[in-house]
1. Sort through Ala137, Ala59, Ala132 and tell me the only one that's closer than 22 Å to Asp202 by Cβ, at pLDDT 95 or above and among the small types (Gly, Ala, Ser).
2. Of all residues in segment 88-109, how many are modelled with pLDDT of 90 or more and surrounded by fewer than 24 Cβ atoms within 10 Å (Cβ to Cβ)?
3. Give just the number: which of (1) modelled with pLDDT under 95; (2) crowded, with 21+ Cβ neighbours inside 10 Å; (3) farther than 22 Å from Thr317 by Cβ does Gly368 not satisfy?
4. When both residues are 6+ apart or on different chains and their Cβ atoms are under 8 Å apart, which pairs have a first residue that lies in segment 204-232 and is farther than 15 Å from Arg244 by Cβ and of a type in the set (Phe, Trp, Tyr), and a second that is modelled with pLDDT of 95 or more and assigned to a helix (DSSP H, G or I)?
5. Which one is modelled with the highest pLDDT, of the residues in segment 265-299 that are touching a Phe, Trp or Tyr at 6+ places or on another chain (Cβ under 9 Å) and among the β-branched types (Val, Ile, Thr)?
6. So, in segment 1-35, how many residues would count as being surrounded by 12 or more Cβ atoms within 10 Å (Cβ to Cβ), among the hydrophobic types (A, V, I, L, M, F, W, C) and modelled with pLDDT under 90?
Amino acid sequence: MITNTQGSASGPQPADFTDVRATNLAVVLRFVRENAPCSRADIAASTGLNKATVSSLVADLIDRRLLRETGLTENRVGRPATMLVLDGSPYAAVGIEVNVDYLTAVAVDLKGEELLSWRRAFPGGSTSAGQAVAGIAGVARRVVNRMTKEARQVLGLTVAVPGLVDLNGSVRLAPNMGWRDVDLAGDLAKALRDPGFPVSADNDANLGALAELRFGSHGGAQNLVYLTGEIGVGAGVVLDGRLRRGGAGFGGEIGHIEIVPGGPPCHCGRHGCLEVVAGLGVLLGHSVSPAEVESEIDEVVQRAETGDEAVLAQLDTLAGNLGRGLGIVANLLNPEVVVLGGYYVKLAPWIVARAEQEMLSRSIAPGGGGCRLVVSGLGYGAAALGAAARVLDSVDSGRLPGV
Ligand SMILES: [Zn+2]
């Protein structure tokens, strides 16, 4: 624990001191997020910070309207204490997910309560990156205007993209969108005319995993893998409670693991990749237009419900191939839970049991090492919600709004 001590001649320089204080503010904020309502004494006892320091940090967080006081408690030993809870009512974190056929925008407050959720058709796969950025900026402006009308300050915006996004928010490759080397975070900040809040971009599966970690109902699992079930299939990997992006940010590309040697061609130039043999293409053919995916999947579900044998056989093939991929995940990462997102949620009744059985049969650890296969309860908004969660994560790690 870093403590807030006044420096001697050899002590911290002013910049270090600022860092230490920011770190300690974040420690207190996170403690209250996880333990509210709690008292200043609770914070001191659990964090190791001394009481005077905690009082000063709490005063700062109250000034920033990140915490607020909420009455006294009487059911404790000793004097009644003033209890603290998260405030955050003046703030909003914004997440937008773009995909080949739709765009989702969400805003949440500091507590993660949803303030706004929009989903609309978006021709991400059929417009240029420049047009897409203009479209995303238009939606972002409307969200920000709405939040401003509600007297909320936007803490940040993150955009989720199905593709390789580097650690600077630049999209190296988003094949299904037709994007290559697009400085999405930078271009979007410019399109928003330097909006006064950070703009970032990240891979959709990474952000889905962040959403599951913060908002999902997985019993506090700290090791989870989230799979997008869209036109493409990507994985977001959380190990020991932290999102793992890899060296350049390109980890989790499960969609291009070879599952069926010599199988159908993938747009990546290889054959039998997971996203070709366990993605929506198995059900829809590979020529379906992005705009039609949702209605086509609804039709698949209807036919499966009526016992259409051809569709059931396709679903069985998809699930078996998915399970083969998950066997690799279970052996390599030993997650507590694998969460299926996107369109996989609608297909769950026909794919989960079969995919789980296949995964278990391929895991060297008994019982798949304890790995459960579940579907996301966060719906289509998972990546957008995770994008907003990333903004909250940056606040929790010390990038606080000013007073
Ligand atoms: Zn591929």
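The values are calculated or read from the model by the stated rules, or taken from the named source; none is laboratory data. Predicted model, so just to flag it, every value in this text is computed and none were measured. Here Cβ is always computed from backbone atoms with ideal geometry, including for glycine, and neighbour counts include all displayed protein chains.
1. Working: Ala59 fails: closer than 22 Å to Asp202 by Cβ; Ala132 fails: at pLDDT 95 or above.
Step by step, each of Ala137, Ala59, Ala132 is checked, and only Ala137 is closer than 22 Å to Asp202 by Cβ, at pLDDT 95 or above and among the small types (Gly, Ala, Ser).
2. Applying the first criterion (modelled with pLDDT of 90 or more) to segment 88-109 yields 90-98, 103-109.
With the extra rule that they be surrounded by fewer than 24 Cβ atoms within 10 Å (Cβ to Cβ), the set shrinks to 90, 103, 109.
Of the residues in segment 88-109, 3 are modelled with pLDDT of 90 or more and surrounded by fewer than 24 Cβ atoms within 10 Å (Cβ to Cβ).
3. (3)
4. Final answer for the pair search is Phe215/Leu385; Phe215/Ala389.
5. For segment 265-299, the residue satisfying everything is Ile297.
6. 4
So that you can scan it fast, the table gives a plain yes or no per residue for (1) closer than 15 Å to Ala129 by Cβ; (2) in contact with a helix residue (DSSP H, G or I) (Cβ under 7 Å, 6 or more places away or on another chain); (3) charged (D, E, K, R); (4) buried (at least 21 other Cβ atoms within 10 Å of the Cβ):
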site: Val165; (1), (2), (3), (4): yes, no, no, yes
site: Gly169; (1), (2), (3), (4): yes, yes, no, yes
site: Leu188; (1), (2), (3), (4): yes, yes, no, yes
site: Gly196; (1), (2), (3), (4): no, no, no, no
site: Leu207; (1), (2), (3), (4): no, yes, no, yes
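Listed here are the residues, each with its yes/no results for (1) assigned to a helix (DSSP H, G or I); (2) over 25 Å from Ala185 (Cβ atoms).
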{"site": "Ala45", "(1), (2)": "yes, yes"}
{"site": "Thr70", "(1), (2)": "no, yes"}
{"site": "Leu115", "(1), (2)": "no, no"}
{"site": "Gly125", "(1), (2)": "no, no"}
{"site": "Gly130", "(1), (2)": "yes, no"}
{"site": "Thr148", "(1), (2)": "yes, no"}
